[in-house]
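The values are calculated or read from the model by the stated rules, or taken from the named source; none is laboratory data. Source: prediction; values computed, not measured. No Cβ is skipped: glycine too gets one built from the backbone with ideal geometry, and neighbour counts run over all protein chains shown. Just so you know, the surface numbers come from the protein's heavy atoms only, side chains and all, with ligands and any DNA or RNA stripped out. Shrake-Rupley method; radii C 1.70, N 1.55, O 1.52, S 1.80 Å.
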Amino acid sequence: MNQMSNQMMNHLSFGILAIDTDYRITALNEVGASLLEVNQEEAIGQNVYDLFPDAPEDIRHLERAAKTGEEVELDAMPYKWGKYRLYLSLKTKALKEGNERIGALAEFQDVTAYHEKQQDLVKNMEDMSVTIIPVTNQIALFPLQPVIDNLEFHYILDKGVENISKMNVHDLILDFSAIRSVDLEFLNKIEKLMETVKLIGINVTLTGIQPAVAKEWSTSYDKPKEMAIYSTLQNAVEAIYTNSKNN
């Protein structure tokens, strides 16, 4: 790599590591050296098996790309051995000149915090899915919890709605008892949740809206259209049951 290429690589926000077919390091940018905890200048020219002698074979994707041309793209690869306690995103690419393979290049980032966040969300979603309670054979209760961020909300949409649909109910009661305040962003998310549930053929009823929430809702957002709202769960269940008998 020439000096200009090295300067360009050092401005990247992700790590770059390249090797030749003899597994010698031909390029390593500053981010990559920092993540791998090696000296950037000293690493160039070293054999990766000498620089990382104890690395498990199941993470040596770069070496395999150089040897066989096999490329991988991983969202979160456990990079946990020796002093390393990371999850890295990884994309490898075999390097060629014409039809001849001359090495391989890896792009990688530290996604440890994001991965751990996802794992926490999985656990939280599992806990939350327990609270999707069958009230009758046709009615389920979903006690809402304050949504922390967009990642958690989209997880609820993907997994929570899937769990609701598997219950084969006709009516879902969204209970707001745990919601103490709302803003426009939160209400937009709830609107999207309700629309998604309705699209899979389930009627949605709201209960437990606190006076403070009702005030905030009425001043910042229109009342949900064609949506039944009741003060208590008992009233909602009775109304749903009566309507189903009449229909």
Under the Karplus curve 6.51 cos²θ - 1.76 cosθ + 1.60, θ = phi - 60°, whole-Hz ³J(HN,Hα) for segment 162-168, x wherever Gly or Pro sits: 4, 5, 5, 5, 6, 7, 6
222 nm mean residue ellipticity, helices alone, for the chain (DSSP H n ≥ 4; -39,500 (n - 2.57); rounded to 500): -11500 deg cm²/dmol
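Can you compute the charge dipole magnitude of segment 1-97 about its Cα centre, using +1 on each Lys and Arg Cβ and -1 on each Asp and Glu Cβ, nothing else charged? Give it in debye, rounded to the nearest 20. Can you show the working numbers first?
Numbers: 10 positive and 16 negative charges, 37 e Å.
About 180 debye.
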Reduced Cα scattering model of segment 156-247, Debye log10 I(q)/I(0), q = 0.11, 0.13, 0.21 Å⁻¹: -0.32, -0.45, -1.15
10 Å Cβ shell holding at most 12 others, DSSP loop, trypsin sites (Lys or Arg not before Pro): longest site-free stretch of the chain: 84-179
In sequence order, calculated HN-Hα J values of segment 35-41 (Karplus, 6.51, -1.76, 1.60; Hz; x Gly/Pro): 5, 8, 6, 10, 7, 4, 5
Gain on full stretching of the segment that runs from GLU116 to HIS154 - 0.36 nm per residue minus C-alpha separation: 12.0 nm
Amide hydrogen neighbours beyond the local backbone of LYS80, cut-off 5 Å, H modeled: LEU86
Members of LYS80/LYS117; LYS117/LYS192; LYS198/LYS245; LYS96/LYS117; LYS91/LYS189 lying beyond 29 Å, as alpha-carbon distances in this model show: LYS96/LYS117; LYS91/LYS189
Nonlocal amide H pairs with ILE173, under 5 Å, H built at 1.01 Å: ALA140, LEU141, PHE142, THR205
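For segment 18-96, rounded, prolate or oblate, judged on the Cα gyration tensor with a ≥ b ≥ c (square roots of eigenvalues), a/c < 1.5 rounded, else prolate if a/b > b/c? Don't skip to the answer; put the middle values down first.
Values: a/c = 1.43, a/b = 1.04, b/c = 1.39.
In terms of gyration-tensor shape, rounded.
If I take R0 = 25 Å and measure r between the Cβ atoms of ALA212 and HIS170 in this structure, what FRET efficiency does the formula 1/(1 + (r/R0)^6) give, to the nearest 0.05?
Numbers: r = 31 Å, r/R0 = 1.25.
Calculated value: 0.20.
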Derived scalar couplings ³J(HN,Hα) [segment 71-79; Karplus, 6.51 cos²θ - 1.76 cosθ + 1.60; whole Hz; x for Gly, Pro]: 10, 9, 9, 10, 6, 8, 8, x, 10
VAL111 long-range amide H proximity, modeled H, under 5 Å: TYR87, LEU88, SER89
Dipole of the chain, positive direction: furthest Cα of VAL135, PRO146, LEU28, with charges on the beta-carbon: VAL135
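Given charges of +1 on the Cβ of Lys and Arg and -1 on the Cβ of Asp and Glu, with all other atoms neutral, how large is the dipole of the chain about its Cα centre, in debye to the nearest 20? Present the calculation step by step, with values, prior to reporting the outcome.
Numbers: 23 positive and 37 negative charges, 168 e Å.
Once rounded to the nearest 20, the dipole reads 800 debye.
Could you list the square roots of 5 times each eigenvalue of the Cα gyration tensor of the chain, that is, the equivalent ellipsoid semi-axes, sorted largest first and rounded to whole Å? Intermediate results must be reported in sequence, preceding the final value.
Values: eigenvalues 600, 69, 47 Å².
Each semi-axis is √(5λ); the values are 55, 19, 15 Å.
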GLU97/GLU162 FRET efficiency (R0 30 Å; Cβ-Cβ; nearest 0.05): 0.05
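Once you keep just the Cα pairs under 8 angstrom separated by 6 or more residues, what percentage relative contact order results for the chain?
Numbers: 378 pairs, mean separation 28.9, N = 247.
Relative contact order here is 12 percent.
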Percent carbon-and-sulfur accessible area, the chain, ignoring ligands, DNA and RNA, probe 1.4 Å: 49 percent
